[in-house]
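One structure is given here, and the rest of the page talks about it.
Computed from the coordinates by the stated procedures, all read-outs in this text should not be read as laboratory data. Source: prediction; values computed, not measured. Note that each Cβ is placed from the backbone with ideal geometry, even for glycine, and that neighbours are counted across all protein chains shown.
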Amino acid sequence: MQCPSCKKSALVPTKFADGLPSFTCPSCEGHLIEILSYRFWSERASVTARDSVNLVASEPTDSKHALVCPQCQKVMTKFSLSGSATNKIDLCGNCGRFWIDRGEWALVRSLNLDTSLTQIFNEPWQKAIRQSQASLAKSHRLRETLNAEEYQRLVDLREWINGHPAKAAILDFLRLS
Ligand SMILES: [Zn+2]
Ligand SMILES: [Zn+2]
């Protein structure tokens with residue numbers, strides 16, 4: 001199997017963590033992992049097994065281009081990890097293998113997803129991420145439109161409304177005015 005990301009080397013069978021086999025690219029150090037093996041590992045993963053993952057101490061890399069599954073040649077789907085991280089995990093929906101780029105596991109771990117990664121492959125998770133990205137973008141645009149003092153007033157106002165027992169009525173009032 002050729003590396004789906006850098007395409008420079010053939011993947012080598014190795015061990016991603018204790019009890020979790022993977023195929024690794026010696027050139028770009030990405031890993032191809034079977035979702036079934038991962039599920040099996042994550043359900044049983046002890047602290048030692050979780051710690052046995054070799055966390056690369058570098059900025060996580062991310063394959064930006066579409067990857068073709070090295071196992072079955074189908075195009076893999078990208079799944080976001082969180083609203084703030086731009087990194088995406090590539091999953092082959094056909095044969096159930098996913099691709100982790102070099103350094104990406106440290107990010108997965110920092111998001112506390114190392115034993116529950118499969119939840120990101122679900123639509124509700126991805127929808128929540130799209131919504132949080134949209135609201136981040138909105139507040140970013142607003143921040144550029146308002147000056148610092150105005151923006152702070154707005155933030156204070158939101159806090160006041162959110163904590164108010166008549167929140168619903170206040171929001172209705174604002175919408176109608
Ligand atoms: Zn590679
Ligand atoms: Zn596949």
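Here the condition is being in a loop (DSSP other than H, G, I, E, B), away from ligand 2 (no atom under 16 Å from the Cβ) and farther than 14 Å from Ile33 by Cα; of Lys138, Lys64, Lys127, it holds for Lys64 alone.
Among the residues of segment 126-156, the ones that are in contact with a helix residue (DSSP H, G or I) (Cβ under 8 Å, 6 or more places away or on another chain) and free of Cβ contacts under 8 Å to residues at least 12 places away in the same chain come to 3 in all.
Just one residue in the set Asp90, Asp62, Asp51, Asp114 is acidic (Asp, Glu) and more than 27 Å from Ser135 (Cβ to Cβ); that residue is Asp51. One residue stands out in segment 1-58 among those that are within 16 Å of ligand 2 (Cβ to nearest atom) and among the β-branched types (Val, Ile, Thr): the one that is surrounded by the most Cβ atoms within 10 Å (Cβ to Cβ), namely Ile33.
Considering only residues in segment 87-124 that are free of Cβ contacts under 8 Å to residues at least 24 places away in the same chain and part of a helix (DSSP H, G or I), the one that is nearest to ligand 1 (Cβ to nearest atom) turns out to be Ser110.
When segment 59-90 is filtered for residues that are crowded, with 22+ Cβ neighbours inside 10 Å, among the hydrophobic types (A, V, I, L, M, F, W, C) and under 13 Å from the mean Cα position of the chain (by Cα), the ones remaining, listed by number, are Leu81, Ile89.
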